[in-house]
Amino acid sequence: MSEPIPGIENYLKPLPRLNLSDKLFKVGFKRGPEAHMKIISQDVCHKCVDKPCLYVCPFNVFNLEEKDTIINWDSCGEMGGCRVVCPFQNIFWTYPAGGHGVSYKYG
Ligand code: SF4
């Protein structure tokens, strides 16, 4: 029987149990050279009653400022759920430029 690799126990530890807020606190973002997402038309947002984009994003990327829907794109978690819930397909979204965007510590 072979000997265990020295120090292997440090790599086999289970990940710490964290709630969602703690996990999101550990998320890192590297701002890209330009926005990778935007509202296509504020006029459409003004007519949108439910504004689901304000509630679906755990990173709080979407906010209201006066009547306008504002995107804090540099803290986007790249889940893409905002595009799915927008009833008017009024969000342009793509991945950030290579080497930019979100990095998750705990997957
Ligand atoms: S869900 Fe779409 S249309 Fe409605 S406020 Fe958000 S981005 Fe605008």
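Below is a table of values for the structure above.
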read-out	value
Principal axis dimensions, largest first and in whole angstrom, of the chain by Cα	70, 28, 22
Added length on full extension, which subtracts the Cα-Cα distance from 0.36 nm per residue, LEU12 to PHE59	13.9 nm
Assigned charges on the beta-carbon of Lys, Arg, Asp, Glu; the chain dipole about Cα centre (debye)	120 debye
Set of lysines with alpha-carbon distance to LYS105 below 17 Å, sequence-local pairs under 8 removed	LYS13, LYS23, LYS26, LYS30
Expected 222 nm ellipticity per residue - DSSP helices of 4 or more, -39500 (n - 2.57), all of the chain, to 500	-4000 deg cm²/dmol
Residue-by-residue Karplus 3J(HN,Hα) for the range 21-26, coefficients 6.51, -1.76, 1.60, Hz, glycine and proline x	4, 5, 5, 5, 5, 8
Set of lysines with alpha-carbon distance to LYS47 below 27 Å, sequence-local pairs under 8 removed	LYS38, LYS67
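The numbers here are math on the coordinates, done by the rules we state, and not lab data. Being a predicted model, the structure only gives us computed values, none of them experimental. Every residue, glycine among them, receives a Cβ derived from its backbone with ideal geometry; neighbour counts consider all protein chains shown.
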